[in-house]
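Okay, so here's the structure we're looking at.
The values are calculated or read from the model by the stated rules, or taken from the named source; none is laboratory data. Owing to the predicted nature of the structure, the values given are computational and were not obtained by experimental measurement. Note that each Cβ is placed from the backbone with ideal geometry, even for glycine, and that neighbours are counted across all protein chains shown. To get the accessible areas, we keep the full protein, side chains included, count just its heavy atoms, and leave off ligands, DNA and RNA. Shrake-Rupley method; radii C 1.70, N 1.55, O 1.52, S 1.80 Å.
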Amino acid sequence: MTGHASRASLIVTDDDERSCGGATPPVRSSPGRPVCAVSLALRHSLSPSATRADLFSDSLEATPKSVRLLPLRDEASAAAEEQSRRTFFWLVQLSCLIFTLTNVGLTEVMPVWLSTPRSRRAGAGGLGLGPSVIGNLQSITGVGNILLALFVTFRIIRSLGAARTFALALLLNAAAALGPPIVQLLPTSCPGEMETALMCISYSLVAASRNMMFATAVMLSKEAAAGAPGVAIGINQSACSLGAAIGPVLTGLGYTFSLSSLGSCAPFFLALGFLGALPGWLLLALQRSRP
């Protein structure tokens, strides 16, 4: 059968198109035997008298409605996109681990530093606050955290998106760790109310970052995971739980080492801030490079 002979004997019906459910329908020859459109093209290509122009014109005339040209996806770009998605997913989990480690560590170490008596040696002492003042600081930030969750967090996510809000939470948590070193840089003539206000801001950043991080971590994990959402959420919760478990231990050891070996707690808080900010910058950089 040549290309021109087959063109005259092909019949395409609307029933064939409906029976295929939108896929490439069979092309029926005159005896009623179904012939696939791909096999038709192969016959044309194998025929010595058929040219590319004949093949193209035959396909248009034989099946004008049935054959649909589907875009072919580049395998290289698909593999690159899959690799970028996996990298983004595991970076989110690593960020959650580091965040909970630093955030819970700050929550546990900050009251210790606030209650430490003042020292003449620069950076060695704290503010010498009493338990009631420290409790009031934590209560105020707790109420602010509730208000933030009810009225502000979802607006920030709607405006910035989940990924940028997640990165913002990491950076705010890192900024909270800079509170004690900034207070230590204040002159001795600075009133105590200003120092307490700065630490109230630092506590508020700790609570706000925790609020935004937990609200967006699950969203990003489900979005970047290829498997079932429950697996992604389970991995995310495991990373957060691990960070919360080892955070107080590691930060307590780091705080003690900074005081005993370096003679100041400022290096500890600066290192904690840098560690908390690093995944935030990496996440923003990866988000810009994602296809």
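The set of residues in the range 149-162 being at pLDDT below 90 and small (Gly, Ala, Ser) consists of ALA149 alone.
Across the range 242-260, the number of residues qualifying as under 27 Å from the mean Cα position of the chain (by Cα) and in contact (Cβ under 8 Å) with a residue 12 or more places away in the chain comes to 8. Of all residues in the range 141-180, those satisfying the criterion of being surrounded by 20 or more Cβ atoms within 10 Å (Cβ to Cβ) and among the small types (Gly, Ala, Ser) are ALA163, ALA167, ALA169, ALA174, ALA176, ALA177, GLY179.
When the residues of the range 117-133 are narrowed to those that are farther than 14 Å from GLY263 by Cα and outside any helix (DSSP H, G or I), which ends up most open to solvent (accessible area, probe 1.4 Å)?
It comes out as PRO117.
One residue stands out among those in the range 218-235 that are under 12 Å from the mean Cα position of the chain (by Cα) and assigned to a helix (DSSP H, G or I): the one that is surrounded by the most Cβ atoms within 10 Å (Cβ to Cβ), which is LEU220.
In the set (1) in a helix (DSSP H, G or I); (2) polar (S, T, N, Q); (3) touching a residue at least 24 places away in the same chain (Cβ under 8 Å), the condition left unmet by SER264 is number (1).
Applying a threshold of 6 Å to beta carbon distances and a minimum spacing of six or more residues, or different chains, the list of pairs starting in the range 144-158 at a residue that is under 13 Å from MET212 (Cβ atoms) and part of a helix (DSSP H, G or I) and ending at one that is of a type in the set (A, V, I, L, M) and open to solvent by less than 80 Å² (accessible area, probe 1.4 Å) reads ASN145/ALA207; LEU148/ALA208; THR153/MET212; THR153/ALA215.
Looking only at residues of the range 236-262 that are surrounded by 14 or more Cβ atoms within 10 Å (Cβ to Cβ) and small (Gly, Ala, Ser), we find that the one that is farthest from PHE99 (Cα to Cα) is SER258.
The residues in the range 181-203 that are over 24 Å from ARG121 (Cα atoms) and open to solvent by 50 Å² or more (accessible area, probe 1.4 Å) can be counted, and the count is 1.
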